[in-house]
């Protein structure tokens, strides 16, 4: 492992993940919607998922779980793999499910993300931690 990753590397990894999850989710929901259309009104009405999560959005829920499971499984999402960065505990060991949940919460939902980044930039500029990476006792490192 290397030093703490730069903010721009983490942003690019975040953006890659958001785009990938959004494309896959859109394709999946389109297929389900088409099946619902063929199945009639009761089946089709169930898949109006976006209205179930008015504040955070269904995409935020999905990407939260994506990041949580990917970071626990191997410390990196697809975006992190491409950017060659990895999340670990402060002591260098793999993160737990609880740590991954806290760390992912801060970046999955836009209203929280803004506060998470602003407070991280102000409070932890040298460690390059967001507020939720600090709270989860994790850090994102450059893979060497």
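The values are calculated or read from the model by the stated rules, or taken from the named source; none is laboratory data. Because the structure is a prediction, the values reported are computed rather than measured. Here the Cβ is made from the backbone with ideal geometry for all residues, glycine too, and neighbour counts use every protein chain on show.
Each residue in region 74-111 was checked for being out of contact with any helix residue (DSSP H, G or I) (no Cβ under 7 Å at 6 or more places or on another chain), in a helix (DSSP H, G or I) and closer than 10 Å to residue 138 by Cα, and 1 pass.
Kindly indicate whether any position in region 112-123 is crowded, with 16+ Cβ neighbours inside 10 Å and outside any helix (DSSP H, G or I). No, every residue in region 112-123 fails to be crowded, with 16+ Cβ neighbours inside 10 Å and outside any helix (DSSP H, G or I). Per the listing 29, 38, the residue uniquely at pLDDT below 85, crowded, with 16+ Cβ neighbours inside 10 Å and over 11 Å from the mean Cα position of the chain (by Cα) is 29.
Residues in region 84-116 that are under 14 Å from residue 135 (Cα atoms) and touching a residue at least 40 places away in the same chain (Cβ under 8 Å): 87, 88, 89, 90, 95, 104, 105, 107. Right, residue 81: free of Cβ contacts under 8 Å to residues at least 60 places away in the same chain, more than 13 Å from the chain's Cα centre (by Cα) and within 13 Å of residue 10 (Cα to Cα) or not? Yes; evaluated as a whole, the condition is true for this residue.
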